[in-house]
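K.L.:
Quick one: structure below, then a few questions.
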Amino acid sequence: QKEVEQNSGPLSVPEGAIASLNCTYSDRGSQSFFWYRQYSGKSPELIMFIYSNGDKEDGRFTAQLNKASQYVSLLIRDSQPSDSATYLCAIHTNAGKSTFGDGTTLTVKP
Amino acid sequence: GAVVSQHPSRVICKSGTSVKIECRSLDFQATTMFWYRQFPKKSLMLMATSNEGSKATYEQGVEKDKFLINHASLTLSTLTVTSAHPEDSSFYICSAIPAGTTAYEQYFGPGTRLTVT
């Protein structure tokens with residue numbers, strides 16, 4: 001089992017819709033959870049991080065964390081074509097290690 | 001804030017030569033930096049963790065004598081690919097964690113595309 005699992009996609013949503021990206025992790029000792037966006041040929045950029053159960057909102061982005069279910073998600077409201085990218089989920093564990101998922105490719109169609 | 005730079009952005013070198021890549025945190029201090037490589041349409045592969053003032057920790061399968069890492073200050077880490085070969089051609093990306101953070105978020109540099117001919 002991979003430490004961080006993501007559906008590779010591609011996930012396709014129409015412009016203006018809500019895109020929902022999901023991630024599960026195996027290490028219950030994980031402390032912090034991150035979402036990064038990576039455009040083709042570019043390096044990842046941090047969108048947001050969360051470390052408490054519940055929701056965290058930042059503009060059109062909402063991260064949701066459920067530690068009991070070992071599940072973290074990212075919602076993108078009012079999706080735009082410029083949101084088309086690969087989204088990487090990452091965790092940081094108590095052991096001081098950061099692990100990335102393989103990413104979900106999102107396509108927002110005009 | 002939280003800007004990380006890398007230099008060079010692109011480099012082409014001949015087989016057998018060495019290449020140095022610099023990673024700098026521009027507006028924060030970073031006690032920990034990471035080096036990744038990424039092949040086209042593939043996931044990030046962690047190569048090593050670089051801690052200021054100490055030896056880097058390499059991931060399994062990464063040759064420490066081939067990929068030399070130096071973290072000489074709180075804002076600079078370097079990766080030297082020694083005796084490069086065509087199979088070393090890849091996208092190399094560094095990241096840095098701000099000193100004192102409790103979330104351990106990583107800020108990535110823009111990457112260096114290495115081509116070995």
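Any read-out appearing in this document is the output of simple, stated calculations on the displayed coordinates, not a laboratory observation. A quick note: this is a predicted structure, and the numbers were derived from the prediction, not measured. Neighbour counts are summed over all protein chains in view; Cβ atoms, including those assigned to glycine, are modelled from backbone coordinates with ideal geometry.
K.L.:
If the elastic network links every pair of Cα atoms under 10 Å, which of A:T93, A:T24, A:T62 fluctuates the most in the Gaussian network model of chain A?
P.N.:
The residue that fluctuates most here is A:T93.
K.L.:
Give me the percent relative contact order of region B:19-117, please, defined on Cα pairs under 8 angstrom at least 6 residues apart.
P.N.:
32
K.L.:
Excluding B:H85 itself, what net charge comes from residues whose Cβ is under 15 Å from its Cβ, given Lys and Arg +1 and Asp and Glu -1? Can you show the working numbers first?
P.N.:
On the way: positive: B:K14, B:R37, B:K66; negative: B:E63, B:D65, B:E87, B:D88.
Counting the neighbours of B:H85, the net charge comes to -1.
K.L.:
Check each of the trypsin sites (Lys or Arg not before Pro) in region A:1-62 and keep only those in coil by DSSP with at most 15 other C-beta atoms within 10 angstrom; list them in order. Mind showing how you got there, number by number?
P.N.:
Numbers: sites: A:K2, A:R28, A:R37, A:K42, A:K56, A:R60; in loops: A:K2, A:R28, A:K42, A:R60.
For trypsin sites (Lys or Arg not before Pro) across region A:1-62 that sit outside H, G, I, E and B with at most 15 neighbouring Cβ atoms in 10 Å, the list reads A:K2, A:R28, A:K42, A:R60.
K.L.:
Here is a further query. For chain B, the longest stretch holding no GluC sites (Glu not before Pro) located in a DSSP loop with at most 16 other Cβ atoms within 10 Å is which?
P.N.:
Longest site-free region, per DSSP loop and neighbour criteria: B:1-58.
K.L.:
Still on this structure, please answer the following. Identify unpaired cysteines across chain B, taking unpaired to mean no other cysteine Cβ lies under 4.7 Å from the residue's Cβ.
P.N.:
Cysteines lacking a close Cβ partner in chain B: B:C13.
K.L.:
Using only the Cα atoms of region A:13-67, what are the Rg and Dmax in Å?
P.N.:
Answer for region A:13-67, Rg first and Dmax second: 12.7, 37 Å.
K.L.:
So if I place +1 on the C-beta of Lys and Arg and -1 on the C-beta of Asp and Glu, and nothing else carries charge, what would the dipole magnitude of chain A be about its Cα centre? I want it in debye, nearest 20. Walk me through the numbers before you get to the answer.
P.N.:
Working: 10 positive and 11 negative charges, 27 e Å.
Dipole about the Cα centre, nearest 20: 120 debye.
K.L.:
With the dipole of region B:9-117 worked out from charges on the C-beta (+1 for Lys and Arg, -1 for Asp and Glu) around the Cα centre, which of B:C13, B:Q106, B:V62 lies farthest toward the positive end?
P.N.:
About the Cα centre, the residue reaching furthest to the positive side is B:C13.
K.L.:
Quick check on my link table: of A:K2/B:K41; A:K97/B:K64; A:K67/A:K109; A:K2/B:K42; A:K56/B:K42; A:K42/B:K55, which ones sit more than 21 Å apart, alpha carbon to alpha carbon?
P.N.:
Going by Cα-Cα distance, A:K67/A:K109; A:K56/B:K42; A:K42/B:K55 fall outside the 21 Å limit.
K.L.:
Find, among the trypsin sites (Lys or Arg not before Pro) in region B:1-77, those assigned to loop by DSSP (not H, G, I, E, B) with at most 11 other beta-carbon atoms within 10 angstrom. All intermediate terms of the calculation are to be shown ahead of the outcome.
P.N.:
Values: sites: B:R10, B:K14, B:K20, B:R24, B:R37, B:K41, B:K42, B:K55, B:K64, B:K66; in loops: B:K14, B:K41, B:K42, B:K55, B:K64, B:K66.
Those satisfying the criteria are B:K14, B:K41.
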